[in-house]
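Okay, structure first, notes after.
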Amino acid sequence: MASSRTSALLFTFLVAAAALWIPAECAGPQLTLFVTDDALNPEAAACDGSTFGGLCPYRSYVSDSTEKQVGYVSGFCSFVIPYQADSSFEQICYFTFFFGTNPDTVVDSISVQGHFTSADGNLLSIVGGTGKYTGAKGYNKKTFASSGGEGDRYSTYQHELYLM
């Protein structure tokens, strides 16, 4: 009798432990956000990506899949490899998603940093947050969604945030 109880407890423990090992992508992203580059500060377009170390600050609106504004994103990227003839590039980026439409009352945020290239499906690290995202960890899968017609400068990117 004790052996079957021990086996049942062990089985329950193993099932619970296995659930912790399921990759976050299996469950899907917890947040899917869309960002159109330079939507709030077109003067950032002066960052043309032609030089190593070129710093590109930005602040843009963030929307959900229904195109409803849910906040904004602020950050910067620095070119490690400037734009090449084939339109490829590499950047190191740091940015924060702020949730809410009034910057004076924003409490919830998620900060992201990492290596961003012209290849689709870049994975960047979620390195923290505030409010309900305090201590956030995970990754952000950034993919190209659409172009606004003025080259990559006004492109829209999809951000799938996988929180661990």
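The values are calculated or read from the model by the stated rules, or taken from the named source; none is laboratory data. Just so we're clear, the structure is a prediction, and the values are computed from it rather than from any experiment. Virtual Cβ from ideal backbone geometry, glycine too; neighbours counted across all protein chains shown.
Pick from region 139-151 the residues that are surrounded by fewer than 17 Cβ atoms within 10 Å (Cβ to Cβ) and within 16 Å of the chain's Cα centre (by Cα): which of them is modelled with the highest pLDDT?
Step one: list which residues in region 139-151 are surrounded by fewer than 17 Cβ atoms within 10 Å (Cβ to Cβ), which gives 143-151.
Of the ones still in play, those that are also within 16 Å of the chain's Cα centre (by Cα) are 143-145.
On the way: 143: 83, 144: 79, 145: 76.
Looking at the filtered set, the residue picked out is 143.
Being of a type in the set (Phe, Trp, Tyr) and without any contact (Cβ under 8 Å) to a residue 40 or more places away in the chain is the filter here, so list the residues in region 88-121 that pass it.
Within region 88-121, 94, 95, 98, 99, 116 qualify.
Filter region 118-137 down to the residues that are farther than 17 Å from residue 75 by Cβ and of a type outside the set (Asp, Glu), then identify the one that is surrounded by the most Cβ atoms within 10 Å (Cβ to Cβ).
Our first condition is that a residue be farther than 17 Å from residue 75 by Cβ; within region 118-137, this holds for 118-121, 131-132, 134-135, 137.
Retained after the next criterion (residues that are of a type outside the set (Asp, Glu)): 118-119, 121, 131-132, 134-135, 137.
Values: 118: 16, 119: 11, 121: 10, 131: 14, 132: 11, 134: 10, 135: 7, 137: 13.
Per the criteria, the residue is 118.
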